[in-house]
Amino acid sequence: MVKISIVGTGYVGLVTGACFAEVGHQVVCVDNDQKKVAFLQGGGIPIYEPGLEELVKRNVTAGRLRFTDQIADGVAHAEVVFIAVPTPPKSDGSVDMTYVERVAREIAGAMTEYKIVVDKSTVPVKTGERVAQTIKRYNKNKCEVDVVSNPEFLREGCAVADLMQPDRVVIGVGGDRPVAKLKAIYEPFHAPIIVTDINSAELIKHACNSFLALKISYANALSVICEASGANIADVVHGMGLDKRIGRAFLNAGLGYGGSCFPKDISAFIHITQELGYDFRLLREVESINRDQAERFLKKIHDTLWIVKDKTLGVLGLAFKPNTDDMRLAPSLNIIRPLLKEGAKIKAFDPQAMEKAKEFLPDIEYCQDAYEAARNVDGLIICTEWDEFRTLDLEKLKNVMGHPTIFDGRNLYDPKLMNDLGFTYLSIGRRLSPAGQSG
Ligand code: UDX
Ligand code: UDX
C-alpha cells in the first residue's frame, strides 16, 4: 500500500484516484474547486464515466479514498503526489502551463519531508525539468524531492477499464530513487512498466496521441477518395485493419476527432517541435484534414437542403464521443454552430451530455429522446455514435420526421437498408446509394 495524493480531481484525476484506491492504495484527491470537493464529499460524481460511480463509492466507504480542497492536507498525507491539472492550449497553440506551475509551487510550499512528485498531466517535453526547478525554488523547507513523469493513456468513456487493465505504464525518472515506489503503485495492475528518462516519457505521450489522430485523419482522407471512386470506406479500413501491422482501431472515418486531448495535444506537439527546430508538417496536415472533414459534412447538408435558414434540424449526439458527457471541442459544435449562424433551428438529444452541452449551446432545444429530436425536422444529423442510436426503430423514426433525410456523421446505419426504407441517407465515404447521393 502506498499513500498517494492527486491534485486535480477531473476526468483524469478522479478516475486515477479511484483506481489506485481500488487496488489497495490510500488516496487523497485534492481540488481547488470547493463546490466540486463538497459535491464529491456528499457522494456526488461530477462527471459521467462508466463504472466510476460505484468505484468511488466502494472506496470511500472502505476508507481508501477521500477528498479535500487543501493541498497541504494532500501533501502531508502522501509519499507520492500526482499532478493532474489541466494543460489547456493557448491561442497560439502552445500549452498553458499556469496550473501545473502553480500546483508545483503549492506542493513545494507544503512539503516538510522527502516527496515524490509525479506529473500525470499531458505536458510538453522538457516540462519535468521545469517542475523540478520550480519545486526546488519554492521548497522553503529544503526537503529532498524527486520529480517523475507518468503520462496517462485513458480514453474518456472507458477510462476506468483503460487504467484497471493498462497496455503499459510509462515512468520517466531522473534517477533510480523513485522507481521502486512507482513500481509499488502500479504492481497491482499487472502491466508492462517502462522506466525511461523524463523527456522520453513525456514524448511517448505526445507521440501516441498524435499517431492515433494521424490514423483517424488518414481514414478520413480515404473516405473522401472512397466517395470520389464509389468505394466503401468501411470495407477499405476493414481490409487494412486485418494487417496486424496496421490494426483496425482508430480507422473510423466520420466527423473527425475532438475532445480535451487530441486537438490540444496535436497543436502543442506542433508548437513544441517547432521550438525544438523541427517543422512537423505531417501533423499540420492531420489537423487540416480534421478541419476539412467538418466542412465536407456541412457541404453535404447544404447540397441536400439548399437553404438551411428557418429549417428545423434534429441532432443525435452532442458529446465528443460516446459514453461520456464531455463536450470539450466536441465535433458536434463544428456542425451545429455554423447552422445556427445561418438561421437554422436545432433540436438535439444526447443520452449523457445535454447538461454540459447547455454551457456550449444555450440556443438549441433539448429533447428527452431521439424520436423527439427527430419530430417534424427537415433533416436529422448524427454527430455521436451512441450505441442506443444503432437500435432505433427506423420505421418509427421515419414516421416522426417531417422529411426522412439523415446526415450520418458516424456511419451508424447501412446505406442500402436506409434507401430501401425510403430515407435520403448521406454518410461518410460509402458507396453511392441508388438515389444517386454520395453515401
Ligand atoms: C486535464 C487535461 O485535460 C489532461 O490533458 C491532463 O492530462 C490532466 O488534466 P482532465 O481531468 O480532463 O484532464 O481536466 P479537468 O476535467 O478539467 O479536471 C481538472 C481538475 O483540476 C478540475 O477539477 C479543476 O478544478 C482542478 N484544478 C485545476 C485544481 O485542482 N487546481 C488547479 O490549479 C487547476
Ligand atoms: C485520447 C486517447 O485515445 C487516449 O489514449 C489519451 O489518453 C487521451 O486522448 P479520448 O480523447 O478520451 O482519448 O478519446 P478517443 O477515443 O481517443 O477519441 C478521440 C476523438 O477521436 C473523438 O472525438 C472520437 O470521436 C474520434 N475518433 C476516434 C474518430 O473519429 N475515429 C476513430 O476511429 C476513433
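The values are calculated or read from the model by the stated rules, or taken from the named source; none is laboratory data. On a predicted model such as this, the values are computed, not experimentally measured, just so you know. As a convention, Cβ positions derive from the backbone with ideal geometry for all residues, glycine included, and neighbour counts pool all protein chains shown. Just so you know, the surface numbers come from the protein's heavy atoms only, side chains and all, with ligands and any DNA or RNA stripped out. Shrake-Rupley method; radii C 1.70, N 1.55, O 1.52, S 1.80 Å.
Among residues of the range 2-50 being more than 14 Å from ligand 1 (Cβ to nearest atom) and open to solvent by less than 10 Å² (accessible area, probe 1.4 Å), the one that is nearest to residue 181 (Cα to Cα) is 2.
Does the range 252-260 contain any residue that is at pLDDT below 95 and closer than 18 Å to residue 210 by Cβ? Looking through the range 252-260, at least one residue is at pLDDT below 95 and closer than 18 Å to residue 210 by Cβ. Among the residues of the range 304-351, those identified as among the charged types (D, E, K, R), open to solvent by 20 Å² or more (accessible area, probe 1.4 Å), part of a loop (DSSP other than H, G, I, E, B) and free of Cβ contacts under 8 Å to residues at least 60 places away in the same chain are 309, 310, 342.
Between residues in the range 46-60 that are outside the structural domain of residue 161 (by TED's automatic domain parsing) and residues that are more than 16 Å from ligand 1 (Cβ to nearest atom), which pairs lie under 9 Å by C-beta distance while being six or more apart or on different chains? Hits for this filter: zero, empty list. Taking the range 51-68 as the range and being at negative phi and open to solvent by less than 50 Å² (accessible area, probe 1.4 Å) as the test, the residues that pass are 52, 55, 56, 59, 65, 67, 68. When residue 91 is tested against (1) at pLDDT below 95; (2) assigned to a loop (DSSP other than H, G, I, E, B); (3) open to solvent by less than 30 Å² (accessible area, probe 1.4 Å), only condition (3) is not met.
Within the range 395-434, the set of residues being in a helix (DSSP H, G or I) and among the charged types (D, E, K, R) comprises 395, 396, 398, 416, 420. Whether a residue is of a type in the set (S, T, N, Q) and in contact with a helix residue (DSSP H, G or I) (Cβ under 6 Å, 6 or more places away or on another chain) was assessed, and residue 274 does not pass this test.
Checking the range 361-373 against the condition returns a match, with at least one residue being touching a Leu at 6+ places or on another chain (Cβ under 7 Å) and either within 16 Å of residue 255 (Cα to Cα) or of a type in the set (Ser, Thr, Tyr) (or both).
Residue by residue, here is whether (1) touching a Lys or Arg at 6+ places or on another chain (Cβ under 9 Å); (2) open to solvent by 30 Å² or more (accessible area, probe 1.4 Å); (3) closer than 29 Å to residue 235 by Cα; (4) within 16 Å of ligand 1 (Cβ to nearest atom) holds:
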| residue | (1), (2), (3), (4) |
| --- | --- |
| 353 | no, no, no, yes |
| 375 | yes, yes, no, no |
| 381 | no, no, yes, no |
| 403 | no, yes, no, no |
